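Note sheet for the following structure.
Where a number appears in this text, it was derived from the coordinates with a stated rule and is not lab data. Because the structure is predicted, anything quoted here is derived from the model rather than measured. Reconstructed Cβ throughout: ideal geometry from the backbone, glycine too, with neighbour counts over all protein chains shown.
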């Protein structure tokens, strides 16, 4: 029998419908509206598209850098419980061997049933940072662009590598970016102290996205430390000013306060701003110390409430809350319409990755990735390709 929902308030990209019916046939959405047969009565609850997390490191005690298929599956199950139906496994600064193992596991599991959120491809994040802007990442093995080494990593472009983050100010980055773009990768700027002009150059090479806005990046104040006048813009100002660039925010209520979330929303808009978790392994875990990156080889951080902090308490260290928390928090703090907030957690990240024809919104013909939300935006049920996910 087809899967059918009745009395569902559909969260569409441009608004929310009155209670209606949605029918799923196989793994795709078949019909909106029409007769009701043996339907699941949602009694006016929201039916939203599954969330898509394009920046996520771990969850439920596991990290994608742990180097096992079991860790990947644990993380996918964890995030599915929170409404995420598709994600891009995101690496941390690590050793060369760990980078390769991460990419191999992503390729192995890319088109498989993970028991939770499905993989959309790997986000290679860490090798090409500007080391002083590393944030909480381990001081393991940063890489400078080098042709032979780059070619070995980019060879995974045909095997599931989807996104590559770079610091544009690093010598040799232009050739790496142009090669990655030619292979169809999304290239992003992150953990960078580039100037506005260096970011303009990066856009001309093909950089189209900037990681976690306001975090681990240069701005006027930081660049003034090296040149008092004339004051210059950095990665932050370039991201806000250039329409070619999309970006993302960690909307956990800890990384950024209301003023910064509202600034990002007003200046970039829901089509160019995505919500991400930037979550590490401490999601769904009690307060305590956890490895960010590979267990025993990454960086120890502390979960305290809804925040991940460095052991000295001086700075934030990744996220410890999933995207459902980000949706609720962004909506509550900014007052943005719910359909815009859900769009930033679903259709916008799908567009950023170039897979919005298949995922990211409720439309006939798209994958039946669906989340039932209560009036308080709490996750009630999650469906991936029309199959209900376990809440365990």
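Counting only C-alpha contacts under 8 Å and six or more residues apart, can you give the relative contact order of the stretch 77-207 as a whole percent?
Normalised by residue count, the contact order of the stretch 77-207 is 24 percent.
For the chain, modelled as a Gaussian network with Cα springs under 10 Å, which listed residue fluctuates most, 143, 223, 353?
223
When DSSP assigns beta bridges and you keep just the ones with both residues in the stretch 240-334, what percent turn out antiparallel, to the nearest 5?
Roughly 65 percent of the DSSP beta bridges within the stretch 240-334 come out antiparallel.
Can you tell me what share of the DSSP beta bridges in the chain is antiparallel? A percent to the nearest 5 is fine.
Just about 55 percent of them are antiparallel.
Compute the Rg/Rh shape ratio of the stretch 146-242: radius of gyration over Kirkwood radius, all on alpha-carbon atoms.
Here Rg/Rh amounts to 1.02.
Going out from 0 in 10 Å bins, what whole percent of all Cα-Cα distances in the stretch 54-139 drops into each bin?
Percent of Cα pairs in each bin: 19, 53, 24, 4.
When the chain is modelled as a GNM with alpha-carbon springs shorter than 10 Å, which of 84, 239, 170 fluctuates the most?
Of 84, 239, 170, the most mobile in the Gaussian network model is 170.
Report, in degrees rounded to the nearest 10, the 0 to 90 angle that the Cα long axis of helix 69-81 makes with the longest principal axis of the chain.
The two axes meet at around 60 degrees.
What FRET efficiency comes out for residue 204 versus residue 304 if R0 is 45 angstrom and r is the Cβ-Cβ distance? Round to the nearest 0.05.
0.60
Say R0 is 30 Å: what FRET efficiency, to the nearest 0.05, do residue 392 and residue 28 get from their beta-carbon distance?
Efficiency computed from Cβ-Cβ geometry: 0.70.
Using alpha-carbon pairs under 8 Å, 6+ residues apart, how would you state the relative contact order of the stretch 51-357 in percent?
Numbers: 698 pairs, mean separation 59.6, N = 307.
Computed over the stretch 51-357, the figure is 19 percent.
Between the helical axis of 258-268 and the dominant principal axis of the chain, each derived from Cα atoms, what acute angle in degrees is found, rounded to the nearest 10?
90
Using per-residue counts of other Cβ atoms within 10 Å, averaged over each peptide, order 274-286, 202-214 from highest down.
274-286, 202-214
Can you list, largest first and rounded to whole Å, the semi-axes you get for the stretch 188-309 by taking the square root of 5 times each eigenvalue of its Cα gyration tensor? Write down the numbers at each step before the final one.
Numbers: eigenvalues 161, 58, 42 Å².
Taking √(5λ) for each eigenvalue gives 28, 17, 14 Å, largest first.
Divide by every residue of the chain the summed helix terms, -39500 (n - 2.57) for each DSSP H run of at least 4, and state the resulting mean residue ellipticity at 222 nm, rounded to the nearest 500 deg cm²/dmol.
-7500 deg cm²/dmol
DSSP beta bridges in the stretch 6-145, what fraction antiparallel, as a percent rounded to 5?
45
With r defined as the distance between the Cβ atoms of residue 111 and residue 285 and R0 fixed at 41 Å, what FRET efficiency is calculated, to the nearest 0.05?
0.90
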